[in-house]
Amino acid sequence: PFAWLILDQKSHELDIMQKIGYQAMTIGNHEFDYGPDILAEYLARAGYADGQPDMSVIISNLNIPDTLALKKIKLLPYKIFTLSNGLKVGVFGIQGKSAFSLAPAAGDVTIFDQFEIGNETVKVLEKEGADVIVLLSHSGIEEDKIMAKKIKGIDVILGGHDHINTKNPLIVENTIIVHPDYYLRHYGQLDLAFDTETKQIKLLNELNG
């Protein structure tokens, strides 16, 4: 969420996303527009200093110094969601290099290499039993394509930053990539089937119309 009201001591964007039913989000460059300390206050007001509300904030490659208030916020490097049918969906989050280059107010916060962290996190998720792995990416479509090639094991990339609408999912190295535009202009829906024997994901959107 772009923090429109962050300077008015409110966190309404997060409240709205939780009420809509989002289960997870990641952090993009605009969350740092007013610096990491203001971002920490913003997240704390929404309940992320004490734990994780219904919508998890997941970011895997932020390097946050211990001296910053943001370090005390309960940001998750990854999370596994168990669906009603028992399927385990592992989710992690990446902010790309191009996006972070547009966050000059991030101060002492830096990012770890997305490819190294991505491959490490996928291995952890697989070890912990994730059947399907989803990357929440704030990197842009071109970096998402590269990550699909260089980070093995990602089934789906839900991307942002470029403010584009892919309309139809892209398939790169068997990874499904979707960018559903920005500011809730579009509702993106993926219909997927998981083969319990082959452990493969199949895209059903065209089949389902």
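Structure notes:
- Taking residues in the range 59-84 that are among the aromatic types (Phe, Trp, Tyr) and modelled with pLDDT of 95 or more, and partners anywhere that are open to solvent by 50 Å² or more (accessible area, probe 1.4 Å) and not in a strand (DSSP E or B), the pairs with Cβ atoms closer than 7 Å and at least 6 places apart or on different chains are Tyr78/Val124; Phe81/Gln23.
- You will find that of His186, His138, His163, the residue that is under 17 Å from Leu76 (Cβ atoms) and out of contact with any Lys or Arg (no Cβ under 7 Å at 6 or more places or on another chain) is His138 and no other.
- In the range 104-116, of all residues being closer than 18 Å to Asp144 by Cβ and not aromatic (Phe, Trp, Tyr), the one that is most open to solvent (accessible area, probe 1.4 Å) corresponds to Glu116.
- Scanning the range 42-56 for residues that are out of contact with any helix residue (DSSP H, G or I) (no Cβ under 9 Å at 6 or more places or on another chain) and loosely packed, with under 15 Cβ neighbours inside 10 Å returns a single hit, Gly51.
- Count of residues meeting criterion [over 20 Å from Ile16 (Cα atoms), among the polar types (S, T, N, Q) and within 17 Å of the chain's Cα centre (by Cα)] in the range 42-84: 3
- The condition of being more than 19 Å from Gln114 (Cα to Cα) and at pLDDT 95 or above holds for only one of Ala148, Ala130, that being Ala130.
- Residues being closer than 22 Å to Gly129 by Cα and assigned to a loop (DSSP other than H, G, I, E, B) - total across the range 55-71: 4
- The set of residues in the range 117-140 that are under 20 Å from Phe100 (Cβ atoms), open to solvent by 20 Å² or more (accessible area, probe 1.4 Å) and part of a helix (DSSP H, G or I) comprises Ile117, Asn119, Glu120.
- Between Lys74, Lys79, Lys10, the distinction of being assigned to a strand (DSSP E or B) and open to solvent by 30 Å² or more (accessible area, probe 1.4 Å) belongs to Lys79 only.
- Here the range 31-41 is the region considered, the condition is being surrounded by fewer than 20 Cβ atoms within 10 Å (Cβ to Cβ) and touching a residue at least 60 places away in the same chain (Cβ under 8 Å), and the residue that is nearest to the chain's Cα centre (by Cα) is Asp33.
The values are calculated or read from the model by the stated rules, or taken from the named source; none is laboratory data. Since the model is a prediction, treat every value here as computed from it, not as a measurement. Ideal geometry is used to build each Cβ from the backbone, glycine not excepted, and the neighbour counts take in all protein chains shown. With ligands, DNA and RNA removed, areas are computed over all heavy atoms of the protein, side chains included. Shrake-Rupley method; radii C 1.70, N 1.55, O 1.52, S 1.80 Å.
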